[in-house]
Amino acid sequence: MNGKLLVAWRWGAAMLPALGVLALVAQSEIRVRAGASFRLQIRGYDPRDLMRGHYLQYRYEFNWRGEDTCRAYSGPPGEERLERSCCLCLTRQGGQDAEPWVYQVDCKSHSSLVCDGWLRARDVMPPQRFYIPEARSTILEDALRVRRATLEVTVNAWGEPVVKELYLDGVPWSKAIAVTGTTP
Amino acid sequence: MGLKRRLARWVDAGLIAPQQAQRILEFESGRERPLLLYAVAGLGGLAIAIGFVSVIAANWDLIPGRVKIANDLGLLVAGGLLFARWSHRWPIWLRESALVVLYGLTMGSIALVGQVYQLGGSTRAAMGLWSLLTVPLMVLGRSGFVAGLWSLGLQVTLAVWLSWLAEYPQDKEGWALAIGALVPWLWLSVGRSRWLERVNPSYAAVFTNLGWVEVIVSASIGANAFYSDNRLERWDALWVGFAVGLVLTAWLWRQLAPTPAGRWGRWLLLLALLLTYVPARLSLGHWGIVAALAFLGLWLLVAVSAHRAGMPSLVNLATLVLAVRIVIVYFEVFGSLLSTGLGLIIGGLLTLFLVGLWWRKIRVIGVGGAGTEARGS
């Protein structure tokens, strides 16, 4: 490699990681800002062991309503029946701030349905992860056992969920814990 | 034993003249590479990189997420600028350490974005992005330590992607195995390329050694596939892997010098390729004796190749592996008193033959326990 090319390579190689991470941040910002926001109820994936290292393992507790129209599905509605190849249609029929009604649909037909947002079922299959600070894990674990936990999730045009905030009894988790400390 | 002491011993024994010893010492110290320095400096860089990742993983909540990302990006840009602008003037140990720090910091930065934006559990996407972004950087390394660390990172990334490919709903287990089993041949092919040997001999040496180790390990594992019935369509993709492996083996066949060691190395490569792929696709199952013989044949070839290449440590290891496998055969043939007895007698004779052969050959090629004692006796 000649001198000029080597210098150019060194500059490109050294700056590429920063540019790549910057692009990832930009993409994440767009994902967070684009799309409709919903509050979805969650519970610990394993009630005996909610925390795994520095993240909470959870599953969505969807407010199942409406008829399941996904062909792959047969049986009573329920989270365990989530089918990877299906999509979830979210509607605000319960009210603007209430939990959305959810039903499973064929991914090809969701656009023709009146959905306020839609998700790919494979992206909400349990276990899901929510990253938490190392020092707060014990307090948060205790709080999660006794409080109603919801996530603010933005649903973008590609059916991907972007988690924005964890709420305990309707209050952002960091504030909820700061107020009550270790005895929720 | 150090070179200086060994030369002194040879001078005392009248094998070489003191002037010759002095010239050998000067020559060897002139070509000595500061391997320890690279390793220690690399470890320092690795400690800093792991430290960054650990601090990020702690998810320190006193700092808002976006501020953390801004600081992290600042660090990544500053590190990149420093490296790009001045690294060519740095001593090589510092440059290698800086590469390791940037490598780790990139992984930590991607993990931080995942944490702050709660991107979920796509480990494979994060690792794939990390590996892609750092390829141009890591090829600038010059030491074996950086080469080893990079190859480890690439292999872990590939393993994560292959396990995704093998799992539901992709269900491409055959393809995952076919691609994964090719990795040793790829390392070996890259490591043995004349171009890499010329421009980056440390990388070539690490990739070659890694390739040989993995070729032998994958063939050893592959030989055990004779125990199960593998006549299933889902393993058809293994034929594609085998065909690509055959092309790479043919290329490597030409690259290996036609010395005695090189010739045995060629046959070792071919047998390893066969054992890696064929039993995993064609075995009818319950071929325990074939599995044992294939394994023993492979390690016998390893021992002979190592012997021809003058590598006594590898000959010792191969002999140990062969002896352990023969002991395992004893247990495999346990059944009636007759079969147990015959198994033990044949196995015992084989082990003694092996030890005798090892004792004779190891004295010829060199140093080590047996050789030293033999010279003394």
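The values are calculated or read from the model by the stated rules, or taken from the named source; none is laboratory data. These numbers come from a predicted model, not from an experiment. Cβ sites come from the backbone with ideal geometry, for glycine too, and all protein chains shown count toward neighbours.
Each residue in the stretch B:141-179 was checked for being buried (at least 20 other Cβ atoms within 10 Å of the Cβ) and within 11 Å of chain A (Cβ to nearest Cβ), and 1 of them qualify. Could you look through the stretch A:10-40, keep only residues that are at pLDDT below 90 and surrounded by fewer than 18 Cβ atoms within 10 Å (Cβ to Cβ), and pick out the one that is nearest to the other protein chains (Cβ to nearest Cβ)? Of everything passing the filter in the stretch A:10-40, A:32 is nearest to the other protein chains (Cβ to nearest Cβ). Close Cβ contacts (under 7 Å, 6 or more residues apart or on different chains) running from residues in the stretch B:1-20 that are charged (D, E, K, R) to residues that are part of a helix (DSSP H, G or I) and surrounded by 10 or more Cβ atoms within 10 Å (Cβ to Cβ) comprise B:4/B:25.
Entry remark, the stretch B:128-140: residues being in contact (Cβ under 8 Å) with a residue 12 or more places away in the chain, touching a Gly at 6+ places or on another chain (Cβ under 8 Å) and either surrounded by fewer than 21 Cβ atoms within 10 Å (Cβ to Cβ) or more than 9 Å from every other protein chain (Cβ to nearest Cβ) (or both) number 1 in total. Counting only residues that are surrounded by fewer than 17 Cβ atoms within 10 Å (Cβ to Cβ), at positive phi and modelled with pLDDT under 85, the stretch A:156-181 holds 1 of them.
Out of B:113, B:77, one residue alone is at pLDDT 90 or above and out of contact with any strand residue (DSSP E or B) (no Cβ under 7 Å at 6 or more places or on another chain). It is B:77. Against the numbered list (1) more than 26 Å from residue B:326 (Cβ to Cβ); (2) under 22 Å from the mean Cα position of the chain (by Cα); (3) not hydrophobic (A, V, I, L, M, F, W, C), residue B:233 comes up short only at (2). Taking first residues from the stretch A:114-139 that are touching a residue at least 60 places away in the same chain (Cβ under 8 Å) and more than 12 Å from chain B (Cβ to nearest Cβ) and partners that are assigned to a helix (DSSP H, G or I) and crowded, with 18+ Cβ neighbours inside 10 Å, no Cβ contact under 7 Å between residues at least 6 apart in sequence or on separate chains turns up. Against the condition away from chain A (no Cβ under 11 Å) and either buried (at least 21 other Cβ atoms within 10 Å of the Cβ) or closer than 23 Å to residue B:230 by Cβ (or both), how does residue B:119 come out, does it pass? Against the criterion (away from chain A (no Cβ under 11 Å) and either buried (at least 21 other Cβ atoms within 10 Å of the Cβ) or closer than 23 Å to residue B:230 by Cβ (or both)), residue B:119 does not qualify. Kindly indicate which of B:261, B:294, B:225, B:272 is more than 22 Å from residue B:348 (Cβ to Cβ), modelled with pLDDT of 90 or more and part of a helix (DSSP H, G or I). That would be B:272, the only listed residue that is more than 22 Å from residue B:348 (Cβ to Cβ), modelled with pLDDT of 90 or more and part of a helix (DSSP H, G or I). From the list B:333, B:327, the one residue that fits, being modelled with pLDDT under 85, over 25 Å from residue B:194 (Cβ atoms) and in contact with a Leu (Cβ under 8 Å, 6 or more places away or on another chain), is B:333.
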